[in-house]
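Colleague: First the structure, then my questions, so here it is.
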Ligand SMILES: [Zn+2]
């Protein structure tokens, strides 16, 4: 998944982690060597040097080529073949491997058509135009453009242009007297998770939604378009799931339970997280005649996009007829789970994961992540073969069904919840690990120090300095975001409370979820020579090694105190009395967390901030400290239960949420004493 623009957008409630201020001190140790004005580069120990020597850019490229050679959407035979490939690589690296199968609701297109019925009659193109420069683009197995879990329906109506489909966009339309009830909303991709655009339209009575990629956001207005560049061409469209991801992750029919073959399942019509209206993704080339045929109110300046026509709100006179027939079916998906351990490894483990399923070939999303992870796991396996005995086991999950709604990782977490809560020390995620050369990461505060230490030890892709220096733009304080949702850490973090981080090397492109996210694009425009892949693999191998090799648990529990402080500060409308009570709770917790925790304490701490009833608006999300924003989908909000209660101005709910947080803080403080 991973939509960068949305992911990194500041929601106004994402305090950058205050613990960053201590990084400058903790990274400068006596054996450091000075380098340039940027600061100091720590020496690698012998095992870290061995890991680095094992990483090979060309082999990462070979993994990527293997995994992208055919379209491999979740549940397909090609997806199963890709699972076997990953299994083979891990076994050769010395992992014990098993396939973990779940039976989940997938949604595939049976037939989709779109026609304009006014002001002129014409059929509209829904397919992406291949090029002879990239043989993968004419692959017969590629799926057409569709949005998974769209309702099946045939509707015809006038069109309303609803900008990004955010609540405030619909509010503005309403303020202008433009009613979307019964209309088809034309909404551009970007800013918030696509499923929420459909949710917002459905909540206001819309009959259907067309999601299009505006050239201002990722097309020719950004640069050369595919195949001459990485930006979205005229026919390029963005597939994607419209499951309401900030309400539920995982198999839609088995919330909170593993989707085994004989699991008890809900009826589709009882699932409020599935859309009730049809939705089709279209290219700007297809949206253009619809936009050109519209009149109505003038739009605000920032609503005007990059199609060469003046945008109006409608409704109409453009009318379209959309016919969507989806095939919803319970199908098997396959995670690949690998375990690397020695005789002296404890039951406790650190887990690395990324997804493997793709909408089409998926070179950037997700197989840059698979290539990086496999190369890092191979290096760690070689280190164990050479005699290293990791105190903690290293696990790797190659997740399936992520694109449909983080399904494979979520089902696995629900299936292994008690084992994860008892023994999983941390989870490291990557998804689209390479889409450019700018390193970025998000994490829970207790992992920020670890993250920066590994980045300080990793050479950048061009061999000129360390990753940390680039990431921190020459300083020593890198920007670390909060985790919300949008990739496979969600169940670990939001359902089970495990410390998590997510990383990747980012850059701009317009092939996201299209036919054009292929090995050709990767090698021509994103990472020729796979040097960024190699750098990310070095980073992941060093990070995982350092975590699994630590005698003292490398979780910086003390970082939670300042984090909680600034999270509380961002709740501007909190009453003074509530604020004082919570500040006292945080102060007690911070005092107790000054000395490092034992592994047992750190593990119990995961559970301390979970509440079995979850957040009021969405019980599957049980972590009281962080969740995806209800209106954002990917972006994080801190203290979500209390924040939503304050927004609703419901005094009882505010009191209830305040008390739940106070009780959690008291539990956590008690644990650390
Ligand atoms: Zn992805």
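The values are calculated or read from the model by the stated rules, or taken from the named source; none is laboratory data. No experiment lies behind these values; they were computed from the predicted model shown. Note that we place each Cβ from the backbone using ideal geometry, even for glycine, and neighbour counts take in every protein chain shown.
Colleague: Sort out which residues of region 334-359 are more than 10 Å from the ligand (Cβ to nearest atom) and under 16 Å from the mean Cα position of the chain (by Cα), and write them in order of number.
Modeller: Answer for region 334-359, where residues must be more than 10 Å from the ligand (Cβ to nearest atom) and under 16 Å from the mean Cα position of the chain (by Cα): 352, 353.
Colleague: Another question about this same structure. Among the residues of region 80-91, which ones are touching a residue at least 24 places away in the same chain (Cβ under 8 Å) and out of contact with any strand residue (DSSP E or B) (no Cβ under 7 Å at 6 or more places or on another chain)?
Modeller: 82, 89
Colleague: Looking at region 404-417, which of its residues are part of a helix (DSSP H, G or I) and within 16 Å of the ligand (Cβ to nearest atom)?
Modeller: 404, 405, 407, 408, 409, 410
Colleague: Would you call residue 470 in a helix (DSSP H, G or I) and within 24 Å of residue 526 (Cα to Cα)?
Modeller: In short, yes.
Colleague: (1) buried (at least 24 other Cβ atoms within 10 Å of the Cβ); (2) in a loop (DSSP other than H, G, I, E, B): which one isn't true of residue 462, the others all being true?
Modeller: Only one criterion is unmet by residue 462, namely (1).
Colleague: Continuing with this model, one more query. Spot the failing condition for residue 345; the list is (1) buried (at least 22 other Cβ atoms within 10 Å of the Cβ); (2) outside any helix (DSSP H, G or I), and only one is missed.
Modeller: (1)
Colleague: Here's something else I'd like to know. Run down 362, 401, 369 and say which single residue is under 16 Å from residue 543 (Cβ atoms), within 16 Å of the ligand (Cβ to nearest atom) and modelled with pLDDT of 95 or more.
Modeller: Unique residue meeting the criteria: 369.
Colleague: Among the listed residues 251, 262, which satisfies the condition of being free of Cβ contacts under 8 Å to residues at least 60 places away in the same chain, farther than 24 Å from residue 142 by Cβ and part of a loop (DSSP other than H, G, I, E, B)?
Modeller: Numbers: 251 fails: free of Cβ contacts under 8 Å to residues at least 60 places away in the same chain.
It is 262.
Colleague: Sticking with this structure for a sec: Among the residues of region 526-555, which ones are in a helix (DSSP H, G or I) and over 23 Å from the mean Cα position of the chain (by Cα)?
Modeller: Selection gives 528, 529, 531, 545, 546, 548.
Colleague: Could you check region 621-632 and list, in sequence order, the residues that are touching a residue at least 60 places away in the same chain (Cβ under 8 Å) and crowded, with 20+ Cβ neighbours inside 10 Å?
Modeller: 621, 622, 623, 625, 626, 627, 628, 629, 630, 632
Colleague: Could you tell me whether residue 381 is away from the ligand (no atom under 16 Å from the Cβ), crowded, with 19+ Cβ neighbours inside 10 Å, in a helix (DSSP H, G or I) and assigned by TED's automatic domain parsing to the domain that holds residue 416?
Modeller: Yes; evaluated as a whole, the condition is true for this residue.
Colleague: I would also like to ask the following. Mind checking which residues of region 503-521 are surrounded by fewer than 24 Cβ atoms within 10 Å (Cβ to Cβ) and assigned to a strand (DSSP E or B)?
Modeller: If the condition is that a residue be surrounded by fewer than 24 Cβ atoms within 10 Å (Cβ to Cβ) and assigned to a strand (DSSP E or B), then 506 is the only one that fits.
Colleague: Please work out which one of (1) more than 12 Å from the ligand (Cβ to nearest atom); (2) within 28 Å of residue 251 (Cα to Cα); (3) more than 13 Å from the chain's Cα centre (by Cα) is the condition residue 441 fails and give its number.
Modeller: The one condition residue 441 does not meet is (3).
Colleague: Quick one: would you say residue 423 is within 14 Å of the ligand (Cβ to nearest atom), within 16 Å of residue 496 (Cα to Cα) and not assigned by TED's automatic domain parsing to the domain that holds residue 637?
Modeller: So residue 423 does not fit the description; no.
Colleague: Still on this structure, I have one more. Looking at (1) surrounded by fewer than 24 Cβ atoms within 10 Å (Cβ to Cβ); (2) touching a helix residue (DSSP H, G or I) at 6+ places or on another chain (Cβ under 9 Å), find the lone condition where residue 249 falls short.
Modeller: (1)
Colleague: Ok, one more. For region 511-532, give me each residue that is in contact with a strand residue (DSSP E or B) (Cβ under 6 Å, 6 or more places away or on another chain) and more than 16 Å from the ligand (Cβ to nearest atom). So that I can check it myself, show each step before the final result.
Modeller: Step one: filter region 511-532 for residues in contact with a strand residue (DSSP E or B) (Cβ under 6 Å, 6 or more places away or on another chain), giving 513, 527, 532.
Answer for region 511-532, where residues must be in contact with a strand residue (DSSP E or B) (Cβ under 6 Å, 6 or more places away or on another chain) and more than 16 Å from the ligand (Cβ to nearest atom): 527, 532.
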